Amino acid sequence: ISPLPERVGYWIDRPSVYDPPPTQLFNDVVYDKGAWILHMLRMRIGDDIFYELLWAWLNDSGRPYHNATTSDFTSLASGMAGEDLSLFFDSYLTETTVPHIQWGYKLSDDSKSMNFSMLDVSGVDFDNIYPIKVMTADGTFHDESIHLIGPSGEAEFNFDSEIISVELDPNHSVLWA
């Protein structure tokens, strides 16, 4: 596994999004990293559920003109996604780092299969789905993904043609270094 050059070092060792110090309450971490978290949530649960979540959040009859908590939003998101998203939210909202990903792959003898490996050396258990773009010799681009919960994971991918190239997170849709 070879390390990926750092792309998002700006977010490392900055205040957390959740409950920042008063002097950091209106800084870029709260707004920019908060926006990143929403963007990644959209990538994590898909467009349809994400937009239904936003509609439900905005139109909840018990919330207009009242306070809302982070827990209110994360509970609604988990319920609508049909899965517990607390690890996804907690790690990004409360930690002062992002995943530090090392990745690599090993091709089979015929180069039509690969074992894709990831390692997060950040020391925090993040819960992300990472997109992978694979190009095969027949000119086809394949959109795959790997769900990484915690420090390491791997997946096997098989194709009808030889693998030419592999790229992790080609559209930079997940916040990681």
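Key figures
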| read-out | value |
| --- | --- |
| Accessible surface, per residue, of segment 90-177 when the full set of protein chains is kept, probe 1.4 Å, Å² | 47 Å² |
| Surface per residue (accessible, 1.4 Å probe) for segment 37-81, Å² | 64 Å² |
| GluC sites (Glu not before Pro) within segment 89-177, DSSP loop, no more than 16 other Cβ atoms inside 10 Å | 162 |
| Heavy atoms of residue 100: accessible area, 1.4 Å probe, square angstrom to 10 | 50 Å² |
| Extension gain (nm, one decimal) between residue 76 and residue 171, 0.36 nm per residue minus Cα-Cα | 31.5 nm |
| Fraction of accessible area attributable to carbon and sulfur, segment 38-177 (%, probe 1.4 Å) | 49 percent |
| Local net charge near residue 116, Cβ-Cβ under 15 Å (Lys/Arg +1, Asp/Glu -1) | -4 |
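The values are calculated or read from the model by the stated rules, or taken from the named source; none is laboratory data. Keep in mind the model is a prediction, meaning the values are calculated, not measured. A quick note on method: Cβ atoms are made from the backbone with ideal geometry, for glycine too, and the neighbour counts reach across all protein chains shown. What goes into the accessible areas is simple: the full protein's heavy atoms, side chains included, and nothing from ligands, DNA or RNA. Shrake-Rupley method; radii C 1.70, N 1.55, O 1.52, S 1.80 Å.
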